[in-house]
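See below for the structure under consideration.
The values are calculated or read from the model by the stated rules, or taken from the named source; none is laboratory data. Since this is a predicted model, take the numbers as computed values, not measurements. Here the Cβ is made from the backbone with ideal geometry for all residues, glycine too, and neighbour counts use every protein chain on show. Note: areas computed on protein heavy atoms with side chains; ligands, DNA, RNA excluded. Shrake-Rupley method; radii C 1.70, N 1.55, O 1.52, S 1.80 Å.
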Amino acid sequence: MPRPAQAREAIARFAAEYGVKYPKAVDKVLKDREVLLAHFDFPADHWVHLRTTNAIESTFATVKLRTRKTKGAGSRTAGLAMAYKLLAAAQARWRCVNAPHQVALVRAGATFVDGFIIEREDQRDAA
């Protein structure tokens, strides 16, 4: 698994290599570096779930495709019913969260560094 240090190094290499040719893209990546690396502040088992960039869009892709094929949903009620049924069917194929026992820790505000839980503040400095 990649580490935050490796990710920061990759961003630095990206900036050095493409800074002259694509300055706006490099500025955007450098400006949003901490947001891009925020998933490292969660349990390592959850990283695979946090890396998606379009969770909402991929959830509704089935509904969008069906709406296009049927040339619209007809009425608002029919559209809502169709969306409900399609999402209920799609839900059966969704992945479960890895390490669901750690979700409670995240919600409780536990501190994670490089994907590992830090029990005490003095351990945080050691990591």
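Is it the case that the stretch 47-54 has a residue that's at pLDDT below 85, assigned to a helix (DSSP H, G or I) and in contact with a Gly (Cβ under 9 Å, 6 or more places away or on another chain)?
Within the stretch 47-54, one or more residues are at pLDDT below 85, assigned to a helix (DSSP H, G or I) and in contact with a Gly (Cβ under 9 Å, 6 or more places away or on another chain).
Considering only residues that are part of a helix (DSSP H, G or I), farther than 14 Å from ALA61 by Cα and open to solvent by 40 Å² or more (accessible area, probe 1.4 Å), which ones fall in the stretch 76-92?
Answer for the stretch 76-92, where residues must be part of a helix (DSSP H, G or I), farther than 14 Å from ALA61 by Cα and open to solvent by 40 Å² or more (accessible area, probe 1.4 Å): ARG76, THR77, ALA78, LEU80, ALA81.
Could you give me the residue pairs with C-beta distances under 6 Å whose first residue belongs to the stretch 100-116 and is within 12 Å of PRO4 (Cβ to Cβ), whose second residue is open to solvent by 40 Å² or more (accessible area, probe 1.4 Å) and among the small types (Gly, Ala, Ser) wherever it lies, and which are 6+ apart or on separate chains?
Cβ pairs passing all conditions: VAL113/ALA127.
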